[in-house]
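Every number here is computed from the coordinates shown, using simple stated rules; none is lab data. All figures in this text were calculated on a predicted structure; none of them were measured in a lab. A quick note on method: Cβ atoms are made from the backbone with ideal geometry, for glycine too, and the neighbour counts reach across all protein chains shown.
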């Protein structure tokens, strides 16, 4: 039985641990601290936690001011509000001003579930990816969440967006895993095709590779947890060595992982590419699992896409 | 602080006159920029930079400096002129305002310009940034004060009122908001475009201590900033009643000089008035 962990739960825990070690860490939330799990930090360090109320634009720019005075602010809300509602504040006060603010948003993608389209961010990566100076990290599980947050505090002084989810993720990594921003993790090697995935789709991609293996197809699997700056080297190696790529993300096919990979290979080494993701539509209510299936975010869809891309590779 | 001696007041008035001349020359050379709203904030900047602020132009990142944020970023020419005068950077940079390859961007950019705390231009963000700096100062037990200058049109942005609530909630008495109340915005008179009155009442009801002054009277401004420092447990705002285009008769109160630089002829005429 694979263990499951909430990426947001791990975020809440690691914040407290890092908060003990580093007094520069401050945390801001916009009335969602129970959901984003920043309430744990709020309880541990009330003087370093600021609930800004339902005011995301104010929260983002306030964080910029704290960073300008030497603090390391972590800012949390739902992905749709942190990136969409406050995009101009992220752009001007954080990215253009190059402030060391970490935006860690939860409830990304369709797995928000019942709350429906207004609360399901399928566009957040696209919004953040277009901003100069911004890095984007989408952890594949709770372990990677903790490692990434720790990495950001200790090794990075630039703006960063970390995308977390409401639902629990099956654990992929063990405690020895080392996160490095900008480096894809090779989870499985293969030469027939490459699956590049992020977030919850990593688990589905692992399942897909098992199915493919039984049919004699050996695919490579890359966890592209840093969407920006993207690991161009790993993508081009995959293109050259496997000749076919499938991307999988719980995000729109416009502007996210699939787009980023397409940009790299189309400029340097074009190979057949299929993007699995939400196909330019808004979400609906339902439970997370049903929605993932409804939008084609499944292991079966990855299997099908890999076969299609291998066939296309052979044709060309 | 006691009222300034007459000689000091005259000195500050002279500084304001020289800054106006500098701003008009910069804008004329740049052939674009915001003339009216730069001229309206001259005395506010003089009162702060030449009297009130604890700062060190030779060490712009000094941790104990008071912070000034030009939330109405389009007033950049006035800010640049006073920063250069104080030696934050070479005054020769003023010649290249808005020019390709120049240091001085059309709106304040913190990464290239010593003395600029944060980039501004898209309106409504500066007060929130000030709150963040004020919270940091409180955590650090630092006595620094944070000033954020907003336009009266700017406060039509909803974020300003989010920030107003935040400052009051967190009792940020180290924050001082300033409103450049010149009564005009790009499309016309505020009263016609979107009325912001009752201005003082709005801030009061948001939990702020309000002071209203003649925004072109340096002594008045300094006294108000002194009073703000005495207020405990809540933030203060100085509503500075100003005249857009102040100092140049044919620009004063004229909405068409919001975002237009003076022509050669207009510059000559203006400089004559300011001599």
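Structure above, values below:
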item	result
Linear extension gain, residue A:183 paired with residue A:241, 0.36 nm per residue minus alpha-carbon span	19.1 nm
Calculated FRET value between residue B:142 and residue A:280, using beta carbons and R₀ = 45 Å, to 0.05	0.35
Residue with peak Gaussian network fluctuation, chain B [Cα springs, cutoff 10 Å], from B:186, B:21, B:155	B:186
Rounded to 10°, Cα long-axis angle of helix B:126-139 versus longest principal axis of chain B	40 degrees
Relative exposure of B:258, B:227, judged by other C-beta atoms within 10 Å (fewest first)	B:227, B:258
4 °C / 1.567 mPa s Stokes-Einstein diffusion coefficient of region B:91-237, Kirkwood radius on C-alpha pairs, µm²/s	78 µm²/s
Choice from B:229, B:117, B:14 showing the highest fluctuation, given a GNM over chain B with Cα pairs closer than 10 Å	B:14
CD proxy at 222 nm, helix term only [per DSSP H run n ≥ 4: -39500 (n - 2.57); per residue of chain B; nearest 500]	-11500 deg cm²/dmol
Burial ordering of B:112, A:36, B:7, fewest other beta-carbon atoms within 10 Å first	B:7, B:112, A:36
With Cα atoms, 0 to 90° folded angle of helix A:232-242 axis to chain A main axis	20 degrees
GNM result for chain A, Cα springs below 10 Å: residue of A:154, A:223, A:51 fluctuating most strongly	A:154
Folded to 0 to 90 degrees: helix A:7-21 orientation relative to chain A principal axis, Cα	50 degrees
Ranking of A:85, B:138, A:37 by count of other Cβ atoms within 10 Å, fewest first	B:138, A:85, A:37
Label point distance in nm, residue A:293-residue A:54, each placed 7 Å from Cα along Cα→Cβ	3.5 nm
